[in-house]
Amino acid sequence: MSMELNRLTRWGAALALLLIALAPVPARAQATGRIAGTVTDSSQRPVANAQVAVMGTRYGALTGPDGRFRIANVPAGTHQLRVQRIGDRPTIIPNVTVTGGQEVTVNVTVSPAAVLLGGVVSAASRRVEKVTDAPATVTSVDADALALSVGNLFAGALKEVKGVDFIQTGMTSVAINARGFNSSFNNRFLMVEDGRMAILPENGLPVGQFTATPKVDLAGMEVLVGPGSALYGPDAANGVLAMRTKDPRQYPGLTLEMVGGSRSYADVQARYAGVIANGRFGYKVSGEYQTAKDWQNLLRYTAGGGLAAPTAAGVREDSLKIPIDWNTSVARGSAAGVWYLGSNRLELNGGMSRTDGVGQTNVGRNQLKGWLYNTLQARWTTPHWYLNAYRSQSQSGESFALNRYAGAQLTNPSKTADELRLMSDWPSNGRMYAAEVQGNYNVPMLLNTSVVFGGQYRADVVSSDRQWLWDRVTGEDVKNTMSGVYAQATTPVMPWMDLVLAGRYDSPSEFDAQWSPKAGVVIKPKDDHAFRVTFNRAYKTPTILQTSFFIPDWTGAISIYGNTGGFRTLNSAGVEVARYGAVRPEENKTWEFGYKGIIARKLYLDATYYNSKYEAFLSPLTIVGNPFTGNPATATWAAPIVNPGNNIPVDAQGRIVNQAATPITPIVLIYYNLGRATVDGLDLGVNYLVLPTVELRANYSTVNLKTRDVVGEATALNSPSTKWTVGASVKEIGPATLGATWRQVDGYYFRSGVNSGVIPTFGTFDANVLIPVPQLQGTAFNLSVSNLFTCGSSKVTYRTPAVTAPQVAQPNSEIVNQDKGCGFGRKHFEMINMPEVGMMAFLGFRIQH
């Protein structure tokens, strides 16, 4: 009864926030009029999502898909109008005279910016706003920057994003994180594609390289660094990567890219879009095929599936009956149809991908073979409402765990290669069904408050083919649901100060309801300058893996379980020595203090200091009982506190046993919550326009683990304390555009499952050049080289130092030997137990008509 009352109270608080934001107050008695018009580009095409503002006031509007806008309740008099859109120069229209009770028409033509400085974003508030006004650290990457990114993977454009840890693990595979607490299976950073949560339902990981969207169809990306649960929900604890694709009417025609590169890299992708029926219907199709021979390193595994030392007994990945395959490839494609109904827009889209390669886990590596991902989405957009419904699905195909395959081969030498694969696969069919409705209004009667509000529903349905999840017991697919409502109100209480209040209430089926408040003040002493103070509470819910893992026979001596009822550890006398409660959401409370400003129209500065307090860390898969230590004094046995349906096999003493013909007490691994920690840090970004066509860039970030009450893998920061980049881009050197970047990452200790060790300091230099072909309009060559020059360490060997209590020896935390140096094409590594990466060179040819 008290829990239901608590939930009703929180639902009431969320509803009250909406009602307060929309509550009418007496209007000021003043003659007002309207400003209306159309914004177009130099080709007279309508420009959507342009921000039109009456300077010096709180009044403004966004253009619709047809480029039209209307601003109501503008005080009578003479005003200046400012028009701005991502990628275009800000345009000022002086002397716009408004007469009471009448409408004045103003048509505006905008032109592209030579180099983007500032601009507008939408990720921070889920509405378009100037980047300087956004109450968070947001970086925008436009289509031009994507075209210059190394290779043909969108993630390469994220190298220079402030506050982001960029980790290259292969020719086409990367990982990103922000503000620490990374892992080999990191699901604290949310990926969003066209408003669709891009998540693999079976493990909660971002879709990443499995995306169905080719890079040629991306209009841009925005990266929100820091907690985003107030508007995005539980998967945005550390940040959001929001991607948007190209609209057929804004980006019509053919784009074809063909790229070849080092390590047999080849990529072909194409997009075609157009409009018919007098511009009322748009369509687009895109596709890509990419392949490469990745770098290699070979791990060795024991009969129990654990990672063995390079010279120890066991089997190496190239000695498996199905040896590890380092050839990576992906085929992806998407299509969409769009109906333009005045200022309204209806879109139906879908896509799919098939991926092969090698992926890292906390216990070893997976051989990805035929991994399928597909989406189907419908979106309805009006000037004030947005409705979104979609389904996504991921299927593991014939993928399998290399460590488990090795263990099976050592203990079952007579089995065939395919029989061993079936013993080590993890069949999965994960489906996500989701819908969202969102409204946005300006409320003139409440100081022209901008209000964004909405609701979401999501259901994750996963089948493990009755093998390794709870469906093995129930015979029914595992299903988790979540419903939530959110709202954000931005009130210009003064022309120079905005008050931001937001909140989200989520009701997950497996956990207590969660409340994610957000509050902030943005002070704007002058145009394009803003100071801000914000507070966020974010949370991360456990994934289906962490709640519903159920595999008593991972190996003959290992059992793995999700944790919904709790576990305890017993010694040889049956006395409890440790207790682990059922998993619950992890919490993050963050204060931020920031400044953004454009100085003298040449320098853009974005600086943020943050302080975050984490609680109830979700652990990785961790051993809680091990009877095989060889020392009776340290041997332990695991026992469930609450045995769901009495399905975890136990002996007469309540200790877990496996499901062998003659049961034994195995090593037991589970997930659980532990510990608190406090981190703080600084994210600083600078863009300087030396000339309208020459830009210098620099980013600098720090993160510091100040306190933690439990030392262990779950509370390992796993991020560099300092990282920075410097870069430059130059347009119009003849017909060419040049770019260059140096990225520096301080060494740090990484610990995630079997992947433990020091990642040494490294620095890399990237360069690219884009050369149009004047004789062939719309064509260009692109030469990109990543890791052209590198300073770092290779051939690293480790040791675990001897320590005295109460310290804990950290595996591989001291480097015994390393090859340090600088050079062209020199290799380095960015992730423990993954291959060293070297120079990547790509030459591409693009046709765009």
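The values are calculated or read from the model by the stated rules, or taken from the named source; none is laboratory data. Fair warning: this is a prediction, and the values are worked out from it, not measured in the lab. Backbone-built Cβ (ideal geometry, glycine too); neighbour counts: all protein chains shown. With ligands, DNA and RNA removed, areas are computed over all heavy atoms of the protein, side chains included. Shrake-Rupley method; radii C 1.70, N 1.55, O 1.52, S 1.80 Å.
Data table
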read-out	value
Euclidean distance between Cα centres, the stretch 558-592 to the stretch 197-243, Å	29 Å
Estimated D of the stretch 559-651 in µm² per second, where Rh is the Kirkwood radius over Cα pairs and Stokes-Einstein applies at 10 °C, 1.306 mPa s	92 µm²/s
Links that overshoot a 32 Å alpha carbon limit, given the list K602/K723; K321/K795; K321/K827; K159/K613; K321/K820	K321/K820
Inter-label distance, nm, simple model (7 Å from Cα along the C-beta direction), Q296/I641	4.9 nm
Normalised per residue, the volume of the convex hull around the Cα set of the stretch 782-849 (Å³)	116 Å³
Electrostatic dipole magnitude of the chain [Cβ: Lys, Arg +1; Asp, Glu -1; Cα centre; debye, to 20]	1220 debye
From the C-alpha gyration tensor of the stretch 319-366, square roots of 5λ in Å	42, 12, 6
Global geometry of the stretch 590-735, whether rounded, prolate or oblate, following the gyration tensor of its Cα atoms and the 1.5 cut on a/c	prolate
Contact order normalised by residue count of the chain, Cα under 8 Å, 6+ apart, percent	10 percent
Label-reachable residues, the stretch 326-365, where backbone N falls under 17 Å from a point 7 Å from Y272's Cα toward its Cβ	333-338
Cα centroid of the stretch 331-372 to Cα centroid of the stretch 256-328, whole Å	14 Å
Cα-projected label distance for Q818 with T634, points at 7 Å along beta-carbon direction, nm	2.8 nm
Prolate/oblate/rounded label for the stretch 194-316 (Cα gyration tensor, a/c 1.5)	oblate
Debye intensity ratio in log₁₀ form over the Cα atoms of the stretch 691-849, taken at each q of 0.08, 0.09, 0.16 Å⁻¹	-0.36, -0.44, -0.98
Radius of gyration and maximum dimension Dmax of the stretch 396-504, Cα, Å	25.1, 79
Whole-percent pair-distance distribution, where bins are 10 Å wide, for the alpha carbons of the stretch 745-787	21, 24, 20, 16, 14, 4
Dipole magnitude of the stretch 448-508 about its Cα centre (Cβ charges: Lys, Arg +1; Asp, Glu -1), debye to nearest 20	80 debye
Dimensionless Rg ratio for the chain, taking C-alpha atoms and the 2.2 N^0.38 Å reference	0.97
Overall Cα dimensions of the stretch 408-461 - principal axes, largest extent first, Å	79, 17, 12
Cα-centre dipole for the stretch 691-849 with unit charges at Cβ (Lys and Arg positive, Asp and Glu negative), debye to 20	40 debye
Cα-based reach from K731 at 14 Å (exclusive), listing aspartates and glutamates while leaving out same-chain residues under 8 positions away	D144, E695
Dipole of the chain, positive end: most advanced residue of T622, F567, V110 [Cβ charges, Cα centre]	V110
Furthest towards positive pole of dipole, A236, G253, L299, structure part the stretch 235-330, Cβ charges	G253
Theoretical FRET efficiency, 1/(1+(r/R0)^6), r = Cβ-Cβ of S507 and L346, R0 45 Å, to 0.05	0.90
Longest exposed-site-free window of the chain, the sites being trypsin sites (Lys or Arg not before Pro) in a DSSP loop that have at most 13 other C-beta atoms within 10 Å	29-279
Extension reserve of the V711-A728 stretch, reckoned as 0.36 nm per residue once the Cα distance is removed	2.0 nm
Spatial separation of Cα centroids for the stretch 599-621 and the stretch 715-781, in angstrom	20 Å
Size-normalised alpha-carbon gyration radius of the stretch 295-396, reference 2.2 N^0.38 Å	1.71
Apportionment of accessible area to carbon and sulfur, the chain, percent (1.4 Å)	59 percent
Beta bridges by DSSP in the chain, antiparallel share as percent, to the nearest 5	95 percent
Residue among G33, V138, N442 farthest towards the positive dipole end of the chain, charges placed on Cβ	G33
